[in-house]
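First the structure, in the form of structure tokens, and then the observations on it.
What follows is calculated from the coordinates using simple rules that are stated; it is not laboratory data. Bear in mind the structure is a predicted one, so any value in this text is a computation, not a measurement. Note: ideal-geometry Cβ built from the backbone for every residue, glycine included; neighbour counts use all protein chains shown.
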Amino acid sequence: MVELTEAAPADHPAVIAMTNRAFRAPAGQAAWKVETLVGGQRIDASLLADDLAQPGARLLIWREGGQHLGHVRLDAGADGVWHLAMLTVDPERQDGGLGRALLSAAEDFARARGARRMHMTVVHQRPELIAWYARRGYAATGETVPFPYGDARFGAPTQPGLYFDVLEKTL
């Protein structure tokens, strides 16, 4: 069973480091798991602080035996709609079902606090990742969000035309 605990500020450097490795470091990972469409960092301390300053934002860590296996950011929203972001599993431990377990635990955490739906954004040009979420019940809403070109905190896009699809699941 996955137990999620609230991250403390002292956890933030490890969260940032693991997120950047998982999202942007291709060494040893299957290509579909890495955002090769964007170089550089996925997140930094400034962006994480901005994210966590949002009303209802929570950064949750999954630890077992004192080891940080993964983390997720959840933002409680109006009308029972929560936002899921930064679902991250330690890249050295991927391919063992941990991502599925972490996603399920995040949904359970939100549901226990009144969430009725979960939504997220995924880079449109990552069809394998969108398919992974679709197999877990998420569907495209038809809404899109522009990629934050020009904000280096999100990394350096390697091509024009990137944008996010909004996915949603009824809990």
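The Rg/Rh ratio for the range 85-156 is 0.98, where Rg is the radius of gyration of the alpha carbons and Rh is the Kirkwood radius. Percent relative contact order of the range 4-170, based on C-alpha pairs within less than 8 angstrom and at least six residues apart? 23 percent. Compared with the alpha-carbon gap, the fully stretched path from Arg153 to Asp95 is longer by 18.1 nm at 0.36 nm per residue. In the chain, helices alone account for a calculated mean residue ellipticity at 222 nm of -8000 deg cm²/dmol, with every DSSP H run of four or more residues adding -39,500 (n - 2.57). Look at Ser104, Ser46 and count the other Cβ atoms within 10 Å of each Cβ; fewest to most, that gives Ser46, Ser104. Ordered by the count of other Cβ atoms within 10 Å of each Cβ, fewest first, Trp132, Trp62, Trp82 give Trp132, Trp62, Trp82. Ranking of Tyr163, Tyr133 by neighbouring Cβ atoms within 10 Å, starting from the fewest: Tyr163, Tyr133. What the Cβ-Cβ distance of Ala10 and Leu171 gives, at R0 = 25 Å and to the nearest 0.05, is a FRET efficiency of 0.20.
Here the translational diffusion coefficient of the chain follows from Stokes-Einstein with Rh set to the Kirkwood radius across Cα pairs; for 25 °C and 0.890 mPa s it amounts to 150 µm²/s.
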